[in-house]
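Working notes, structure below.
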Amino acid sequence: MSSRLIGVGVGPGDPELVTVKGVNALRAADVVVVPVMDTGERGRAEATVLHYVPGEKVVRVVFALNERSDRTRREAAWDAAGKRVAGLLGKHGRVAFATIGDPNVYSTFTYLAQTVAALVPGTVVETVPGITAMQDLAARSGAVLTEGTEPLTLVPVTAGAAVLKEALSGPGTVVAYKFGRQAREVAEALRDSGRFDGAVWGSALGLPEESIRPAADLDGAPLPYLSTLIAPARRDGGRGGKL
């Protein structure tokens, strides 16, 4: 039988937000791989997974998750991670990779799957969708993501504040990911575009240290890396006005 690598989205952090299909995929796998920055660290994905599978089934694999300045080091880390997972596939045959959020939305799984498929030809790659941080923040804050014909733009602020400013100048709701280290630039972009009203940000969603606050409270201080911002579309308050 072909080796099978399954990327399983385990949501933003709240274990109750893992789908039934996701839980079944984790339990059916021979091994569940979780990404970490250091082998002594328990990441958010692992903490969620341990609600559903025993610890002896979980394998930590080190990734250069935040390495942006040294491409050589980053590529070496990815290659090492791919080889480790390829080895697990050769031994076990069915490996699940747990990723926070969704495996097809800014996930480490995308790069891992490409590497493993090249190392183990014939590997079947599957994904199980997960609830994203923007969905969870919308639910917890009451922010409506889209209505009627409104577009939705998702921007990783690691691409630069200019990308966010361009998105905010357009119509519809804008969601910003990974903006914690550039909180000051995000606040300036919201102010310049007149998009503070109704905007909200959150971090550590579903965890004890969860923080959800109006974007107007941004004071420029650094926030957790995985902070999420929702700047809703400008609406006139009428019902169905954009249908």
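The values are calculated or read from the model by the stated rules, or taken from the named source; none is laboratory data. This structure is a prediction, so every number in the text was calculated from the model and none was measured. Cβ coordinates were reconstructed from backbone atoms using ideal geometry, including for glycine residues, and neighbour counts include every protein chain displayed. To get the accessible areas, we keep the full protein, side chains included, count just its heavy atoms, and leave off ligands, DNA and RNA. Shrake-Rupley method; radii C 1.70, N 1.55, O 1.52, S 1.80 Å.
Structure values in brief
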| read-out | value |
| --- | --- |
| Among the candidates THR19, THR48, residue that is at pLDDT 95 or above, open to solvent by less than 60 Å² (accessible area, probe 1.4 Å) and within 20 Å of TYR225 (Cβ to Cβ) | THR48 |
| Test: residue in the stretch 157-168 that is touching a residue at least 60 places away in the same chain (Cβ under 8 Å) and not in a helix (DSSP H, G or I) | no |
| Residue within the stretch 184-191 that is touching a residue at least 40 places away in the same chain (Cβ under 8 Å), part of a loop (DSSP other than H, G, I, E, B) and open to solvent by less than 10 Å² (accessible area, probe 1.4 Å) present | no |
| Residue count for the stretch 144-183, restricted to those that are of a type in the set (A, V, I, L, M, F, W, C), farther than 15 Å from VAL200 by Cα and open to solvent by 10 Å² or more (accessible area, probe 1.4 Å) | 6 |
| Residues (modelled with pLDDT of 85 or more and open to solvent by less than 20 Å² (accessible area, probe 1.4 Å)) located in the stretch 51-73 | VAL53, VAL61 |
| Which listed residue is buried (at least 20 other Cβ atoms within 10 Å of the Cβ), of a type in the set (A, V, I, L, M) and at pLDDT below 95, from ALA76, ALA81 | ALA81 |
